[in-house]
1. Using alpha-carbon pairs under 8 Å, 6+ residues apart, how would you state the relative contact order of the stretch 112-192 in percent?
2. Sort 127-137, 68-78 by the packing proxy (mean of other Cβ within 10 Å over each peptide's residues), most packed first.
3. If you put +1 on each Lys and Arg Cβ and -1 on each Asp and Glu Cβ, how big is the dipole of the stretch 89-180 around its Cα centre, in Debye rounded to 20?
4. How much accessible surface area, in Å² rounded to 10, belongs to the heavy atoms of TRP40 with a 1.4 Å probe?
5. Label-point separation (nm) for PHE117 and LYS60, each offset 7 Å from Cα along Cα-to-Cβ?
6. For LYS25 paired with ALA151, estimate the spin-label separation in nm (one decimal), with each label point 7 Å from Cα along the Cα-to-Cβ line.
Amino acid sequence: MSRLIDIVIDNAMEGIQSGLLNLPKPFLSSAQGMACNQSWNAYAYFYAKEFEEIAENALKLRRVQHAGPLLFLARQSIELAMKNAINEFEPKIGSDAGKYGHDLKKLWRTLIDLMRFASFSADCEWTQHCEQVVDHIDAFDNKGERFRYPADRAGDYFEYPDVDIDGLVKAHWNLTAYCDAVIECLHAQRII
């Protein structure tokens with residue numbers, strides 16, 4: 001055991017001497033003048049673009065190394081797209097998408113209710129398709145935990161999901177495009 005400790009210490013010292021283990025200079029700070037990036041719209045866009053880039057690479061390879069991060073990014077992007085659309089109603093009715101946490105079904109129902117409140121039709125085939133996608137995602141990860149963690153808060157491990165990357169990309173596109181279309185309709189009708 002003592003020999004193992006000596007090896008670990010020697011390796012650490014080599015790392016320090018080579019600069020690998022030097023304390024890094026701070027790599028996070030507040031970005032002055034970047035308030036435009038602190039919006040539901042910006043975050044929805046950033047997460048969507050990162051998901052698309054990683055998914056495109058996974059599609060080229062026809063596999064994904066670990067499905068969890070890709071599924072998390074897709075789910076988070078969809079959640080942010082819904083929250084962004086809900087918040088577009090805010091000046092008119094005072095909605096606050098942040099209060100819904102990670103509950104995709106509650107976010108979806110709220111978005112549909114707000115659309116009806118604004119006299120938009122929410123009874124089309126695309127709406128029904130998107131609702132089925134939300135239900136499908138919710139069946140696997142209704143609390144926003146399964147794609148982020150290996151186990152729930154009680155310590156029970158989740159089954160690792162098998163993912164059809166092409167299907168995931170299509171589901172992501174449909175839900176995020178639907179939310180963008182709602183926003184476009186709001187802007188076109190000057191409801192906000």
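The values are calculated or read from the model by the stated rules, or taken from the named source; none is laboratory data. This one's a predicted model, so the numbers in the text were calculated from it and none came from an experiment. Every residue, glycine among them, receives a Cβ derived from its backbone with ideal geometry; neighbour counts consider all protein chains shown. Ligands, DNA and RNA are excluded from the accessible area calculation, which covers all protein heavy atoms including side chains. Shrake-Rupley method; radii C 1.70, N 1.55, O 1.52, S 1.80 Å.
1. Details: 26 pairs, mean separation 23.6, N = 81.
With pairs under 8 Å counted, the relative contact order is 29 percent.
2. Highest mean packing first, the order is 68-78, 127-137.
3. On the way: 11 positive and 18 negative charges, 86 e Å.
Dipole about the Cα centre, nearest 20: 420 debye.
4. For TRP40, the solvent-accessible surface is approximately 90 Å².
5. 4.4
6. It works out to 4.1 nm between the two label points.
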